[in-house]
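Enquirer: Supplied in structure tokens, the structure appears directly below.
The values are calculated or read from the model by the stated rules, or taken from the named source; none is laboratory data. Remember, it's a predicted structure, so these values are computed and weren't measured experimentally. When we count neighbours, we look across all protein chains shown, and the Cβ atoms used for this are built from the backbone with ideal geometry, even at glycine. Heads up: the accessible areas ignore ligands, DNA and RNA and are worked out on the full protein's heavy atoms, side chains in. Shrake-Rupley method; radii C 1.70, N 1.55, O 1.52, S 1.80 Å.
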Amino acid sequence: MTSLWLDRPRPTRPTLDDDVACDVAVVGAGVTGLVTALLLARAGRSVVLLEARTAGAATTGNTTAKVSLLQGTKLSRIRRGRSEDLVRSYVDANRRGQDWLRGFCLDHGVPVDDQAALTYATGRSGEKQIRRELEVAQQVGLPVEWTDETELPFAIRGAIRLGDQFQMHPVELVDALAQALIDAGGQLFEHSRVRRVRHESPGVRAETEAGSVTACHLIIATSMPILDRGGFFARLVPQRSYAAALRPGWVPDAMYLSADSPSHSIRRVDHDGAPLLLVGGHGHVTGRTSSEAKQLAGLLDWARTELSATEVTHTWSAQDHGPAAELPYVGPLLPHDGHILVATGFDKWGFTNAPAAAELLTAQITGATQPDSAAMSSWSPWEATGLPKALVANGSVGFQMARGWLDAAVATDDDRPEEGEGVVTRRGLAPIARCTVAGETREVSAVCPHLHGIVTWNDAEKSWDCPLHGSRFAPDGSVLEGPTTEPLRQI
Ligand SMILES: Cc1cc2nc3c(=O)[nH]c(=O)nc-3n(C[C@H](O)[C@H](O)[C@H](O)COP(=O)(O)OP(=O)(O)OC[C@H]3O[C@@H](n4cnc5c(N)ncnc54)[C@H](O)[C@@H]3O)c2cc1C
Ligand code: FES
């Protein structure tokens with residue numbers, strides 16, 4: 001499954017094969033790492049950006065790329081148990097991020113498609129949520145309005161609307177950011193997965209298979225942080241969802257997101273001179289659904305039935321991480337240690353959050369005046385308000401851990417899986433992941449090297465996904481997504 005965005009020729013970039021030194025090493029070339037590296041390079045720091053795959057290959061190249069301050073029902077969720085000022089601070093930070101991104105696109109020839117953003121309701125619960133969202137948005141000064149009338153070709157109970165937002169092509173953005181970084185003197189290495197990070201006085205050393213970077217500061221921009229210190233894996237929930245581009249029977253003139261479940265995201269994209277319909281949704285916690293293929297099929301059925309879409313041109317899937325207290329984590333990995341910093345927890349709104357996080361991290365490193373960061377902190381007092389959600393999330397993690405090991409212990413399946421299928425079975429007491437893809441049957445350990453969860457088969461993407469914290473692996477066991485940095489063990 002390749003996204004519409006990544007289905008294009010891309011520049012090739014070098015792999016790190018040496019030991020280098022710089023002021024700041026950034027790990028992960030999604031929108032977060034790219035903007036942060038660029039801002040630091042422009043501030044005169046020597047910067048090395050290390051990417052495990054290719055720039056934008058993970059969430060950023062598989063997004064729906066709406067750049068909006070109306071974010072579904074996000075503001076009312078932040079408001080639960082937290083102050084109006086904190087919501088205002090979140091909106092202000094996102095507005096700064098949005099403004100920065102718009103300015104960058106205009107300066108670098110990346111097209112920006114101005115659109116209104118709408119959150120709509122089809123059910124009673126959704127209606128209640130959008131009424132509350134309207135109230136909170138208006139309290140913090142966002143000019144959001146109620147409307148009963150939309151162009152949507154199905155019945156709704158109402159919608160809320162914010163004008164003057166935009167959508168874009170995320171991979172055009174990624175390639176422009178990468179070029180701007182190089183023009184500003186930064187270095188970008190692809191296929192350079194960071195395997196280990198060591199403290200090396202006075203800074204930090206990040207090691208890949210073939211080289212290393214020694215730096216005064218290290219920024220972890222890998223979405224789910226690859227370092228366990230700080231316990232972010234226990235404060236974030238990996239949410240995987242699906243997207244598709246289809247030939248349209250109907251084309252929207254705005255960006256839509258449903259408040260009801262399953263969520264549905266709708267936008268248009270002009271591709272090769274013709275409009276395509278882009279839909280997304282049907283998400284779930286990574287590794288925790290009986291069939292990813294059925295989730296994707298559900299999304300496509302909905303697009304055909306409700307939006308009269310016809311031929312499917314691309315389908316894809318990606319994950320982003322929901323923070324326990326609803327607000328992103330930006331700042332030191334550990335309290336009072338300014339050498340390693342993180343930016344994560346954007347909850348599917350990274351295109352405004354990431355540039356805001358990049359601005360904050362850059363100020364923290366250069367000593368420049370910091371923007372208001374009340375809503376963007378890696379360690380903060382409001383964290384306690386997310387405790388109930390974090391406890392539930394970690395309760396489910398414990399359940400998934402026990403279930404994976406018990407299921408593997410009683411598994412007796414010795415058959416070769418059918419093409420495109422995978423099973424977890426055991427050899428002696430050791431859980432084994434066995435799958436058949438492109439005619440080849442492979443076996444690797446089913447034990448996730450992160451914290452020993454048992455992986456499950458993703459029948460849409462033909463991958464092994466860990467239901468604990470969202471690490472993902474190819475059929476040969478190699479890493480697709482972290483937090484792990486190590487592959488599944490070969491048998
Ligand atoms: C389906 C979907 C739709 C979305 N739609 C929107 C939207 O409309 N608007 C919006 O604002 N946001 C949206 N988002 C969210 C947004 O796409 C993300 O928040 C954003 O892309 C995250 O960027 P990132 O750079 O933090 O992470 P990523 O893009 O995942 O980048 C992290 C990078 O780190 C690399 N990496 C990982 N481990 C290592 C390692 N050990 N060494 C080196 N590199 C490593 C990865 O390969 C990856 O390239 C959506 C998310 C999803 C899942
Ligand atoms: S991702 Fe944490 S145990 Fe697998």
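Enquirer: Quick check: at a probe of 1.4 Å, how many percent of the accessible area of the stretch 1-47 sits on carbon and sulfur atoms?
Expert: Carbon plus sulfur share of accessible area: 45 percent.
Enquirer: Roughly how many Å² is the accessible area per residue of the stretch 54-139, as a whole number, for a 1.4 Å probe?
Expert: 38 Å²
Enquirer: Per DSSP H run of at least 4 residues, take -39500 (n - 2.57); add these up for the chain, divide by its residues and hand me the 222 nm value, nearest 500 deg cm²/dmol.
Expert: Here the helix-only value at 222 nm equals -9000 deg cm²/dmol.
Enquirer: Report the Cα centroid-to-centroid distance between the stretch 330-356 and the stretch 75-148 in angstrom, as an integer.
Expert: Here the two parts' Cα centres lie 20 Å apart.
Enquirer: Next up: Span-like helices, the chain: DSSP H, alpha-carbon axial extent 30 Å or more, mean Kyte-Doolittle 0.5 or greater, which ones?
Expert: Those that clear 30 Å and a mean of 0.5 are 387-410.
Enquirer: Using Cα centres only, tell me the gap between the stretch 190-215 and the stretch 6-66 in whole Å.
Expert: If we compute the Cα centre of each part, the gap is 15 Å.
Enquirer: Put a dot 7 Å past each Cα toward the Cβ at His271 and Asp407; how far apart are the dots in nm?
Expert: About 3.2 nm separates the two model spin labels.
Enquirer: Further question: Taking 0.36 nm per residue of separation and subtracting the Cα-Cα distance, what length does fully extending Met1 through Arg229 add?
Expert: The span from Met1 to Arg229 would gain 78.8 nm if fully extended.
Enquirer: Can you tell me which lysines have their Cα less than 16 Å from the Cα of Lys294? Leave out same-chain residues fewer than eight positions away.
Expert: Lys462
Enquirer: Using a 1.4 angstrom probe, figure out how much accessible area the stretch 173-230 has per residue, in square angstrom, rounded to the nearest whole.
Expert: 38 Å²
Enquirer: Please check which bits of the stretch 228-266 a label hung off Val312 would reach, taking the label as a point 7 Å along Cα-to-C-beta and the cut-off as backbone N under 13 Å.
Expert: Residues 242-247 qualify, since their backbone N sits under 13 Å from the label point.
Enquirer: Per the Kirkwood formula on distinct C-alpha pairs, the Rh of the stretch 130-231 is how many angstrom?
Expert: Evaluated over the stretch 130-231, this radius sits at 18.8 Å.
Enquirer: I'm checking a number: the convex hull volume of the Cα atoms of the stretch 409-462, normalised per residue, in Å³. What is it?
Expert: 82 Å³
Enquirer: Which residues among the stretch 439-461 fall inside the zone where the amide N is under 17 Å from a point 7 Å beyond the Cα of Arg195, along Cα→Cβ?
Expert: Residues 449-450 qualify, since their backbone N sits under 17 Å from the label point.
Enquirer: By a straight-distance test (C-alpha under 19 Å), which lysines pair with Lys66 as possible cross-link partners, with residues fewer than eight away in the same chain excluded?
Expert: Lys74, Lys348
Enquirer: Would you kindly state how much longer the chain becomes between Trp250 and Asp99 on full extension, computed as 0.36 nm times their sequence separation minus their alpha carbon distance, in nm to one decimal?
Expert: The Trp250-Asp99 span can extend by a further 51.3 nm.
Enquirer: Another question, then. Near Lys128, which aspartates and glutamates are there with a Cα under 16 Å away, not counting those fewer than 8 places off in the same chain?
Expert: Glu145, Asp148, Asp260
Enquirer: Let me ask something else. At 1.4 Å probe size, with the rest of the protein present, what percent of the exposed accessible area of the stretch 389-481 is carbon and sulfur atoms?
Expert: Summing carbon and sulfur atoms, their accessible area is 58 percent of the total for the stretch 389-481.
Enquirer: Still on this structure, I have one more. Asp183 label point, 7 Å along Cα→Cβ, cut-off 18 Å on backbone N: hits in the stretch 24-52?
Expert: Label zone hits: 34-45, 47.
Enquirer: Pairing rule first: another cysteine's C-beta must sit under 4.7 Å. Under that rule, which cysteines of the chain stay single?
Expert: Those would be Cys22, Cys105, Cys216, Cys435, since no other cysteine Cβ in the chain comes under 4.7 Å of theirs.
Enquirer: Going by a ≥ b ≥ c, the root eigenvalues of the Cα gyration tensor, does the chain fall in the rounded group (a/c under 1.5), the prolate group (a/b larger than b/c) or the oblate group?
Expert: Here the chain falls in the rounded category.
Enquirer: Would you mind working out the accessible area per residue for the stretch 389-481, using a 1.4 Å probe, and quoting it in Å²?
Expert: Value for the stretch 389-481: 45 Å² per residue.
Enquirer: Sticking with this one: What percentage of the solvent-accessible surface of the stretch 141-216, computed with a 1.4 Å probe over protein heavy atoms, is contributed by carbon and sulfur atoms?
Expert: Carbon with sulfur: 44 percent of the solvent-accessible area.
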